[in-house]
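**Student:** Please see the structure below; I have some questions.
Nothing in this text is a laboratory measurement; each read-out follows from the coordinates by a stated rule. Everything quoted here is computed from the prediction, not taken from an experiment.
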Amino acid sequence: MTVLRLFGIVVVLIGMVVAVKGGMLPFGGGSNSAGRSPMQQDIDKATFTGAEASLDAYHAGSATYAGAPAIPGVTVVRADATSYCLQAKAGTTVEHMNGPGGTVLVGPC
């Protein structure tokens with residue numbers, strides 16, 4: 001197993017731990033501004049937050065987002081030295097987040 005592949009696996013695991021430990025579970029209330037249930041909004045936030053943590057960890061080790069490993073549940077549509085766009089699909093709804101530090105928006109990247 002190459003060091004880069006091992007690093008990618010570790011990055012994905014870190015992102016998953018951050019999502020779970022950060023309390024981003026599909027429970028609780030929230031606004032319903034996008035026409036989705038509060039539970040669906042929490043799931044989307046956890047998905048993107050975990051992916052963002054994984055990409056931030058990758059960037060810390062490589063000084064770029066380009067070439068980041070695959071992240072479960074999310075597609076890295078675009079990644080370069082300073083930014084990225086993540087996309088996820090739930091049923092017929094497609095959502096994206098421009099990062100780092102973006103918000104989840106309805107529609108593709």
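**Student:** Of everything in the stretch 49-79, what is within 10 Å of the chain's Cα centre (by Cα) and part of a loop (DSSP other than H, G, I, E, B)? Give them in sequence order.
**Tutor:** P72, G73
**Student:** Take T103 and tell me if it is assigned to a strand (DSSP E or B), under 11 Å from the mean Cα position of the chain (by Cα) and not small (G, A, S).
**Tutor:** no
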